[in-house]
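In what follows, a structure is listed as structure tokens, so that the remarks can point back to it.
Every read-out reported here was derived from the displayed coordinates using simple, explicitly stated rules and does not represent laboratory data. The shown structure was predicted, so the numbers you read here are calculated from the model rather than taken from an experiment. Cβ: placed from backbone, ideal geometry, glycine included. Neighbour counts: every protein chain shown.
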Amino acid sequence: MKNQIFFLLLFFPFISEAQIMNSLGDESALYAETKQVNQFFRRFNNEEDKNGVKYSPTDARYHNLSDRGKYLNILFDGQNTSITPELKSVFLNQVNNSTNPVFLDFHGNDWYAEVKTRFLYKGVEKTIVLFLKLEKERMGSKWVLYNAYFEEFAKKFTTSAEEDRRFLHPMSHELDFMNLRKAFEDKRKVEDYTAKEYQPDHLTLLLYEMKNGNLKFKTVNNVKFHFFQVENWYFEIAEFNRSGYNTGWLISSLTQVPNAQKEEFKDYVL
């Protein structure tokens, strides 16, 4: 099922919908419709006109910052109060800076899809979240699985509190590690013996369970995207199906994240 984007054209946030209709005419709804996520990129970058016709890179309107500013201003979820006018202004001033503007790169790194799916797990329907990224493939690119999260797996891998965590004695090597027998007796606590940095790999477990016939894909329930391409920022886009003009693919979350902390933040989000 294709996602629909309803894009609000070239207006200030405080103008009413009635005023928009009067100024744009009955064709405004047609102009507002965007059928592909790719168009979010093109409109964020100002690479197409209000009718969805792509600009040639040699066209004076291509990446025109004045026109782009109007597009950028309405690419946000207007009902999300956590995206304050001040935060939004700082972000827009950076990405549309006349000296060093920032454009999104569809084929670049650092943007990811989050896909909420339904699987049958041992006969019971469950929600599994898949994370995908674009990977270069010969002359083009392809979407590949990057990570996964499944609550059933998370329940299986829980470590004890630090003070209660079991461990192998530092002299275990002198016993040829025969005390592993005791360590593995309680399967509920085997994670206690892993390194501090150990994290269970849900994607590998997912593929393993699929190969064993325990997991069967049913459908996709929801899709959203995570962007880390703008220096010192993270934002998310999601699809909003509601009445009015502030609909379709919009920036649903915006956070200032210093570049030095981005990898850690990415691990948290993905």
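Quick notes on this one:
- Flagged links, alpha-carbon separation over 19 Å, of Lys224/Lys266; Lys126/Lys218; Lys133/Lys218; Lys126/Lys156; Lys133/Lys266: Lys133/Lys218
- Ordering His169, Asn73, Gln36 by the projection of their Cα atoms onto the charge dipole of the chain, which places +1 on the Cβ of Lys and Arg and -1 on the Cβ of Asp and Glu, puts Gln36 at the extreme positive end.
- In order along the range 188-193, the phi-based Karplus estimate (6.51 cos²θ - 1.76 cosθ + 1.60, θ = phi - 60°) of 3J(HN,Hα) comes to 6, 10, 5, 5, 4, 8 Hz; Gly and Pro are listed as x.
- Anisotropy class of the range 72-122 from Cα gyration tensor, a/c 1.5 cut: oblate
- Taking the Cα centre of the chain as origin and assigning +1 to Lys and Arg Cβ atoms and -1 to Asp and Glu Cβ atoms, the resulting dipole is close to 820 debye.
- Computed on the Cα atoms alone, the convex hull of the range 152-270 gives a volume of 197 cubic angstrom per residue.
- Here's the list of aspartates and glutamates a cross-link from Lys196 could span, going by alpha-carbon distance under 13 Å and ignoring same-chain residues fewer than 8 apart: Glu162.
- Averaged over residues, the count of other Cβ atoms within 10 Å places the peptides 135-141, 77-83 in the sequence 77-83, 135-141, highest first.
- Over the chain: Rg over Rh, Cα atoms, Kirkwood Rh: 1.09
- Placed amide H near Gly248: partners under 5 Å, 5+ positions off or other chain: Phe6, Phe240, Asn241, Arg242
- Test item: Cα-centred dipole of the range 205-270, Lys/Arg +1 and Asp/Glu -1 on Cβ, debye: 380
- Nearby lysines by direct alpha-carbon distance to Lys54 (threshold 21 angstrom, same-chain neighbours under 8 apart not counted): Lys2, Lys35, Lys70
- Positive minus negative residues near Arg61 (Lys, Arg vs Asp, Glu; Cβ under 13 Å): +1
- Taking amide H as placed 1.01 Å from N in the peptide plane, Glu48 has its amide H under 5 Å from the amide H of Tyr55, each at least 5 places away in sequence or on another chain.
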